[in-house]
Amino acid sequence: MQQPLPAFALAKIQPPKPRTGLVERPTLERCLDSALQEHRLTLLVAPAGYGKTAALTRQIRLLPAGCALAWVSADEDDQLQRFLACLTTALEPHDLPWRVAPDALGTLAQSERGLRDVAYELVNALASAEVERGLVVIDDAHRITDPRVFELLQAVLDRLPEHWGMAMASRVEPPLSLARWRASGDLAEFRQYDLRFSESEVTALVASTGTVLAPEASRELLQRTDGWAAGLRLSLSARQGGAARSPGAPTQRHLFDYLASEVLDDMPPELRWFLLRCSVLPELTAARCAHVSRIPQTPRLLEEVERRGLFAATLDAEELTLRLHDLFRDFLEDRLQRDHPEEVPYLLRRAADNEPDLARAVNYLARAGAWDEAARVLTERGPALVTVGGGPALEQMLALLPEAEFERRADLHLLKGLTTFPRFDFDGMVAAMQRAAAGYLREGRDQEAALAQAYACIGMENTGRLREAAQELQRLRGLELGDDVQAFVCFGAAWAAYADVRADEAASIVSAMLDALERVKDPQVWDRCFFLCIMTGLPGLKAQLERFVAGAARLVDDTPTQLRSGMLHARTWLAFSQGHIEEAAQWLARADEDVRWLGQPRSLMTENWMSHTLIDAVRGDRDASYAAARENKRDLEQNSLPSNRLTHEYEELFTFIRAAWLLGDGTTLRALDAQLQRIGNPYEWAAAADDRRFSRAFIALLDGRLADARELLLPLARDIERSCFFPAMQARVMLADVEQRLGLVDEAAETLRPWLAAAQAGGDVCGAFLAGLPVLQRLAGLAWGHRLTAAAVALLVRLRDTMRTSQVVQDVPVQPLSRPSAVLAPPTTQPRTGVLIALSEREREVLARMAAGDSNKLIARAFDLSPHTVKRHVANILDKLGVATRGQAAARWREHASDS
C-alpha cells in the first residue's frame with residue numbers, strides 16, 4: 001500500500017556530507033566523539049558560522065558501525081506536529097515498533113497530558129531498537145519557536161534509554177534543564193571557545209586553500225576573526241579573489257557581509273545571478289533551482305557551487321542537494337531584495353510550486369503577497385493536516401493572511417471550522433462554519449454552503465441551540481444536494497433527533513444517510529459519519545448499524561482510521577446488545593488498539609470511554625471501568641469549553657453512576673448523583689431529566705425505599721429506547737425486581753413479558769446486564785410458576801449465567817478478536833501453543849516473518865499492508881509476548897516452533 005509523502009522537505013532529515021578538504025581538528029574531534037558516545041545530551045552552542053554543523057557532520061561519520069542516527073534540521077515553521085513528523089520519519093530506517101501511529105503523535109499531543117504521552121511513545125520505541133548506540137541530532141535548534149517542542153525534548157531526555165543520546169546545535173542555549181544534567185554528568189557542552197580555530201588549525205586551513213601567508217599574517221587573521229570559522233573561510237576566499245584586506249569590523253555579521261560582497265562580486269555573472277535567484281530556497285537541487293531560476297545550466301552551476309565549497313553543505317541525498325549556510329543565504333536574500341526587488345515575489349511563487357511542505361509553501365506565498373495562491377494550497381491540503389493533529393500548525397498558517405484577505409474567502413472559514421473540532425470548540429465551529437456558509441452562498445456554491453451549514457448545525461447541537469439546529473437541518477434535507485453532502489446533513493439530523501428524544505425518527509434518517517453513503521463509496525465521506533454507536537438500541541437502529549458496519553468494512557483495511565474505529569465500536573455494542581459480553585469485550589479491545597494507534601483523539605475517546613465504563617462494569621472489572629469513567633469526567637471538566645460541558649456533563653455523570661450501581665459502590669454513586677442533580681441547565685439534551693430520575697431511583701434502592709424506587713422507575717420502563725445504552729430496558733428489568741421484592745410478583749411478570757417476548761424473538765437483551773448481577777440472580781431464581789413461560793425463565797437463567805461467567809479476574813487483559821487473513825506468502829510453521837496463543841492470526845504471520853529476518857518494509861510487501869500497520873503489529877507482538885525487542889520476539893517464535 002502506498003504511503004503519503006511526508007508533509008515536509010526530506011532534506012530536513014538528511015545530514016550534510018563532510019566537506020572535502022576539511023582541516024583536521026583532533027582535540028575537538030576527540031572530545032566530541034567521546035561526548036556523542038557517552039553522554040545523554042551533547043550541546044554545541046555558539047553564534048552563526050562557528051562550524052557547529054560541520055563538526056557534527058564529520059563526527060557522525062566516525063561513529064562505530066551500526067550506530068543508529070536520526071538527523072533533523074530545524075526550521076522556524078517547525079511546530080510540534082511537523083517536528084514530530086520529521087523526527088519519526090528520520091527514525092524510519094530503524095524499524096521501531098510504534099504503539100501509536102507516527103502520523104498520529106501530533107493528535108496525541110493535543111490531550112491534556114499529551115506531551116508526556118508522546119514522550120513515552122518515543123522513549124518506548126527507542127528502547128526497543130536493537131542497536132548498541134543510537135543518536136538523535138537536532139541541528140539549528142535555535143530556529144524552533146514552538147515551546148512545546150522543547151517541553152517534549154525535555155520529557156524525552158529525562159527518560160532517554162541508556163543506549164541512546166541526543167545532540168543539539170544551536171546559536172542560543174535551549175530552554176532545557178541543563179543545570180541538572182551538568183550536575184549529574186549527563187551533559188557535554190561545546191561553546192564558542194571550544195569551537196574557535198586555534199593558531200595551528202588556522203595555519204592548516206590556510207595551507208588547505210593553497211593561499212600563501214606569512215606566519216604574522218596568519219596570526220593577524222586569527223586575531224581579527226577570533227577563530228571564527230565563517231570569517232576565516234570568507235577572508236581566505238576574498239584574498240584568493242584579489243580583494244583588498246577589509247578594515248576591522250565591529251560585528252561578525254558586518255564582517256561577513258563585507259567579505260561576502262567581495263566574494264560574490266568576484267564570481268562569474270551567471271553563477272552570481274543563479275545564487276541570488278535561488279537564495280529563496282532552503283535546499284538546492286537541480287530540478288528545484290531550474291524551476292525557480294529559469295536558468296538552463298542549473299546542474300553545472302550547482303556543481304560549481306559545491307566545488308567552490310562556499311557556505312553550502314552537501315546533503316546525504318540520492319541527487320545532489322545543497323543547503324546554503326544561514327549567514328550566506330541571508331546575505332544573498334538581502335542583496336536580492338536590494339538590487340532586484342521586482343524579482344522577489346515571482347521567485348517566491350516559483351518556490352511554492354510543488355513544495356511538499358505546506359508550511360513552507362504558504363510562507364513563500366505570504367511573503368510574495370500571493371493571497372489567492374496561498375488560499376488555494378491551504379484549501380487543497382489543509383484538511384489532511386487536521387486529521388493528523390496539525391490543527392495548531394494550520395491555524396498559524398491561516399493567521400499569515402491579512403484579515404481582509406481571510407474574511408472574504410469561504411474556503412478558509414471552513415478550514416478554520418475544521419480545526420476547532422479536535423478540541424471540541426463547538427462555539428468556534430459554529431461561528432466559522434456560518435461565515436463559510438454565507439460566503440459560499442454569495443459565490444453561488446450551494447453544495448459547499450449546505451455542507452458548512454451542516455457542520456454549523458452539529459456545533460449548535462452541542463452548544464444549547466438544538467431546536468435551531470434541528471429546524472435548519474430539516475430545511476437542508478429538502479434541498480437538492482449531492483450524496484456526499486446529503487449524507488452528512490442526515491448524520492447531523494439523526495443526532496438532532498436523538499438529542500431531542502425523537503427516537504422513532506432516528507432510524508429512517510440514518511437509513512437515508514446510508515443510502516447516500518452507499519452511492520458515494522468514498523471512505524473520506526463515510527469518515528464524517530463514523531460516530532453512531534451511542535445510538536445503539538434506538539428503535540430500528542440495529543439493522544441500520546449492521547448496514548453501517550458492513551459498508552464500512554468494505555472500505556477499510558488493516559490500517560486504523562476514524563471510520564474503522566467507529567465501525568469497531570458499533571460492532572462492540574451490536575454484540576453486547578445481543579448478550580455476547582465476551583465478544584463485545586474483544587471488539588472493544590480491537591477498538592482500543594485503533595484508538596491508541598490514532599493518538600487517542602477526543603472524537604473517538606468519548607465513545608471509547610463510555611463503552612469501557614459500562615461494559616467493564618458489567619464484567620466486574622472495577623479498575624478498568626472507573627479508569628475510563630474518570631478520564632471521561634476529567635476530560636469534560638478540564639478540557640471542554642463551557643457550552644460543550646453544559647450540554648453533555650449530565651450524560652457523562654449518568655454513565656459513571658450506572659457503572660457505580662453495577663459495581664455496588666454506593667459511596668461513589670451518591671457523590672455523583674449529588675453532582676448530577678446540581679448541574680441542570682438549559683443547554684442539556686432532552687434525556688437529562690430521565691437520567692436524573694433514574695439516578696434518584698438508584699439512591700432510593702440504596703436507601704431501601706422500594707416503593708419510591710418503583711414510582712421513579714415506572715415512567716422510565718418504556719417499550720422503546722430514547723437514550724444511549726439501553727436505559728429503558730435496564731429500568732424495566734430493575735422495576736420487575738423491585739416489584740417482586742415488594743411482593744407484587746404478578747406485576748413483575750407483567751413488566752417483564754413484553755421484553756422477554758421480544759428478546760426470545762431475537763431482540764436486545766443487554767439492558768438486563770446493566771441492571772446488575774444481583775438483580776438477574778433474584779429474577780432467575782424466583783419461582784414464577786405459570787406467570788412466565790419456561791422459555792422465558794430459561795432466558796433469564798441464561799443471562800444470569802452469562803453475566804456470572806463474564807466476571808473478570810483482575811489484571812488479565814482481553815485479547816482482541818483474531819480474524820482470518822489471506823496467506824499472501826509461503827506457508828510457515830505457526831506454533832499456537834503457550835504465550836503465542838495470545839497473538840492474532842495476522843500477528844503470528846508477522847512474527848514468522850520477523851523470525852526469518854524480514855524488515856518492516858518486506859513484511860508490508862508480503863501481506864499488502866502499510867509499513868505503519870506492520871509497526872503496529874510488531875508493537876502488539878512485543879507487548880503480548882512481554883519482550884523488548886524484535887530479536888527477543890523472534891527467539892520466542894523459534895523456541896515455540898521447535899517445541900511444536
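The values are calculated or read from the model by the stated rules, or taken from the named source; none is laboratory data. Since the model is a prediction, treat every value here as computed from it, not as a measurement. Here the Cβ is made from the backbone with ideal geometry for all residues, glycine too, and neighbour counts use every protein chain on show. For accessibility, only protein heavy atoms count, side chains too; no ligands or nucleic acids. Shrake-Rupley method; radii C 1.70, N 1.55, O 1.52, S 1.80 Å.
Taking the stated definitions as given, is residue 66 within 30 Å of residue 195 (Cα to Cα), out of contact with any Leu (no Cβ under 9 Å at 6 or more places or on another chain) and open to solvent by 10 Å² or more (accessible area, probe 1.4 Å)? It is true that residue 66 is within 30 Å of residue 195 (Cα to Cα), out of contact with any Leu (no Cβ under 9 Å at 6 or more places or on another chain) and open to solvent by 10 Å² or more (accessible area, probe 1.4 Å).
Can you tell me how many residues in region 686-716 are surrounded by fewer than 21 Cβ atoms within 10 Å (Cβ to Cβ) and in a loop (DSSP other than H, G, I, E, B)? Adding up the residues that qualify gives 4. Residues in region 141-159 that are buried (at least 22 other Cβ atoms within 10 Å of the Cβ) and part of a loop (DSSP other than H, G, I, E, B): 1 in all.
The rows are residues; the columns are (1) out of contact with any Pro (no Cβ under 7 Å at 6 or more places or on another chain); (2) at positive phi; (3) at pLDDT 95 or above; (4) open to solvent by less than 20 Å² (accessible area, probe 1.4 Å).
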| residue | (1), (2), (3), (4) |
| --- | --- |
| 319 | yes, no, no, no |
| 330 | yes, no, no, no |
| 374 | yes, no, yes, yes |
| 380 | yes, no, no, no |
| 397 | yes, no, no, yes |
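Please state which one of 466, 473 is without any contact (Cβ under 8 Å) to a residue 24 or more places away in the chain, more than 26 Å from the chain's Cα centre (by Cα), buried (at least 17 other Cβ atoms within 10 Å of the Cβ) and within 27 Å of residue 647 (Cα to Cα). Selected residue: 473, the only one of 466, 473 that is without any contact (Cβ under 8 Å) to a residue 24 or more places away in the chain, more than 26 Å from the chain's Cα centre (by Cα), buried (at least 17 other Cβ atoms within 10 Å of the Cβ) and within 27 Å of residue 647 (Cα to Cα). Each residue in region 294-351 was checked for being assigned to a strand (DSSP E or B) and either in contact with a Cys (Cβ under 8 Å, 6 or more places away or on another chain) or charged (D, E, K, R) (or both), and 1 of them qualify. Could you please give the count of residues in region 270-284 that are open to solvent by 20 Å² or more (accessible area, probe 1.4 Å) and not in a helix (DSSP H, G or I)? Matching residues across region 270-284 total 2. Just wondering, is there one or more residues in region 527-540 that are more than 17 Å from residue 574 (Cβ to Cβ), part of a helix (DSSP H, G or I) and modelled with pLDDT under 95? Scanning region 527-540, I find at least one residue that is more than 17 Å from residue 574 (Cβ to Cβ), part of a helix (DSSP H, G or I) and modelled with pLDDT under 95, so the answer is yes. Between 402, 345, the distinction of being surrounded by fewer than 18 Cβ atoms within 10 Å (Cβ to Cβ) and touching a Gly at 6+ places or on another chain (Cβ under 7 Å) belongs to 345 only. When we screen 635, 594 for residues that are among the acidic types (Asp, Glu), closer than 28 Å to residue 500 by Cα and at pLDDT below 95, the only hit is 635.
Residues of region 699-725 that are modelled with pLDDT of 95 or more and either aromatic (Phe, Trp, Tyr) or over 47 Å from the mean Cα position of the chain (by Cα) (or both): 704, 705, 706, 707, 708, 710, 711. The residues in region 568-584 that are open to solvent by 10 Å² or more (accessible area, probe 1.4 Å) and part of a helix (DSSP H, G or I) can be counted, and the count is 4. Each residue in region 851-871 was checked for being crowded, with 22+ Cβ neighbours inside 10 Å and either of a type in the set (S, T, N, Q) or over 27 Å from the mean Cα position of the chain (by Cα) (or both), and 2 pass. Restricting attention to region 523-539, the residues being open to solvent by 50 Å² or more (accessible area, probe 1.4 Å) and either over 17 Å from residue 489 (Cβ atoms) or of a type in the set (S, T, N, Q) (or both) number 2. Taking (1) aliphatic (A, V, I, L, M); (2) surrounded by fewer than 23 Cβ atoms within 10 Å (Cβ to Cβ); (3) more than 29 Å from the chain's Cα centre (by Cα) in turn, residue 520 satisfies each apart from (3). Candidates are the residues of region 102-140 that are charged (D, E, K, R) and more than 25 Å from residue 64 (Cα to Cα); the one that is least open to solvent (accessible area, probe 1.4 Å) is 121. Residue check: residue 558 meets all listed conditions (1) more than 21 Å from residue 872 (Cα to Cα); (2) in contact with a Phe, Trp or Tyr (Cβ under 9 Å, 6 or more places away or on another chain); (3) touching a residue at least 60 places away in the same chain (Cβ under 8 Å) but one, namely (1).
As a summary of the residue check, residue 739 satisfies the conditions (1) among the charged types (D, E, K, R); (2) over 47 Å from the mean Cα position of the chain (by Cα); (3) open to solvent by 60 Å² or more (accessible area, probe 1.4 Å) except for the one numbered (3). None of 179, 85 is open to solvent by 10 Å² or more (accessible area, probe 1.4 Å) and either touching a Phe, Trp or Tyr at 6+ places or on another chain (Cβ under 8 Å) or under 30 Å from residue 603 (Cβ atoms) (or both) except 85.
Within region 515-526, can you find the residues that are assigned to a helix (DSSP H, G or I) and under 20 Å from residue 603 (Cβ atoms)? Those that are assigned to a helix (DSSP H, G or I) and under 20 Å from residue 603 (Cβ atoms): 517, 523, 524, 525, 526.
Of these, 836, 824, 817, which one is at pLDDT below 80, within 31 Å of the chain's Cα centre (by Cα) and open to solvent by less than 20 Å² (accessible area, probe 1.4 Å)?
836
When residue 788 is tested against the conditions (1) under 21 Å from residue 619 (Cα atoms); (2) surrounded by 18 or more Cβ atoms within 10 Å (Cβ to Cβ), the lone failure is (1). I'd like to verify a number: residues in region 742-759 that are open to solvent by less than 60 Å² (accessible area, probe 1.4 Å), in a helix (DSSP H, G or I) and not aliphatic (A, V, I, L, M), how many? Residues that pass the stated criteria total 2.
Residue pairs whose Cβ atoms lie under 8 Å apart, sitting 6 or more positions apart in sequence or on different chains, and linking a residue in region 576-596 that is hydroxyl-bearing (Ser, Thr, Tyr) to a partner that is surrounded by fewer than 24 Cβ atoms within 10 Å (Cβ to Cβ) and assigned to a loop (DSSP other than H, G, I, E, B), are 577/536; 577/764.
Any idea which residue in region 30-63 is surrounded by the most Cβ atoms within 10 Å (Cβ to Cβ), counting only those that are hydroxyl-bearing (Ser, Thr, Tyr) and outside any helix (DSSP H, G or I)? Quick ask: steps written out before the conclusion?
Going through region 30-63, the residues hydroxyl-bearing (Ser, Thr, Tyr) turn out to be 34, 42, 50, 53, 57.
Now narrow it down to the ones that are outside any helix (DSSP H, G or I): 42, 50.
Values: 42: 25, 50: 28.
Among residues in region 30-63 that are hydroxyl-bearing (Ser, Thr, Tyr) and outside any helix (DSSP H, G or I), the one surrounded by the most Cβ atoms within 10 Å (Cβ to Cβ) is 50.
Restricting to region 413-440, name every residue that is open to solvent by 10 Å² or more (accessible area, probe 1.4 Å), closer than 17 Å to residue 464 by Cα and of a type in the set (A, V, I, L, M). Within region 413-440, just 431 meets the criteria. Identify the single condition in (1) in a helix (DSSP H, G or I); (2) touching a residue at least 12 places away in the same chain (Cβ under 8 Å) that residue 645 does not satisfy, given that it satisfies every other one. Tallying (1) in a helix (DSSP H, G or I); (2) touching a residue at least 12 places away in the same chain (Cβ under 8 Å), residue 645 fails exactly one: (2).
You will find that of 603, 611, the residue that is under 19 Å from residue 537 (Cα atoms) and in contact (Cβ under 8 Å) with a residue 24 or more places away in the chain is 611 and no other.
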